[in-house]
Amino acid sequence: MSPVQLLGLPVAQTVGNHDNSANYLGHYNPPNLDNDKGSTYAGGDYWYEYKNVLFIRVVMRRIPPPLGMGRKPHAPFRQYCFALL
């Protein structure tokens, strides 16, 4: 799984339904990671800018209380990201 054609492609990894462990952050380093809005064991929301485009990744799978924050709205995170523009 390492074709030469893939070496020049940008990749943005996101948490999948089986990535709910700290091992995810051991393999990937999401930029601008924000765990304040709630997160899974694999991290929280993140954002980055690439070629003048803002990319926002929100984690829709939440750990229910008391371990996590449950399903908290992402509007504050989005507003924060849009204010960066």
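The values are calculated or read from the model by the stated rules, or taken from the named source; none is laboratory data. Because the structure is predicted, anything quoted here is derived from the model rather than measured. Cβ atoms come from the backbone with ideal geometry, glycine included; neighbour counts cover every protein chain shown.
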Point to revise | Residue count for the stretch 25-44, restricted to those that are modelled with pLDDT of 70 or more, surrounded by 15 or more Cβ atoms within 10 Å (Cβ to Cβ) and touching a Pro at 6+ places or on another chain (Cβ under 9 Å) | key: 2
Study note, to complete from the structure: Only unsatisfied item for V53, checking (1) β-branched (V, I, T); (2) modelled with pLDDT of 80 or more; (3) closer than 24 Å to N23 by Cα, is (3)
Check your understanding: Among (1) in a loop (DSSP other than H, G, I, E, B); (2) at pLDDT 80 or above, which single condition is S21 missing?
Key -> (2)
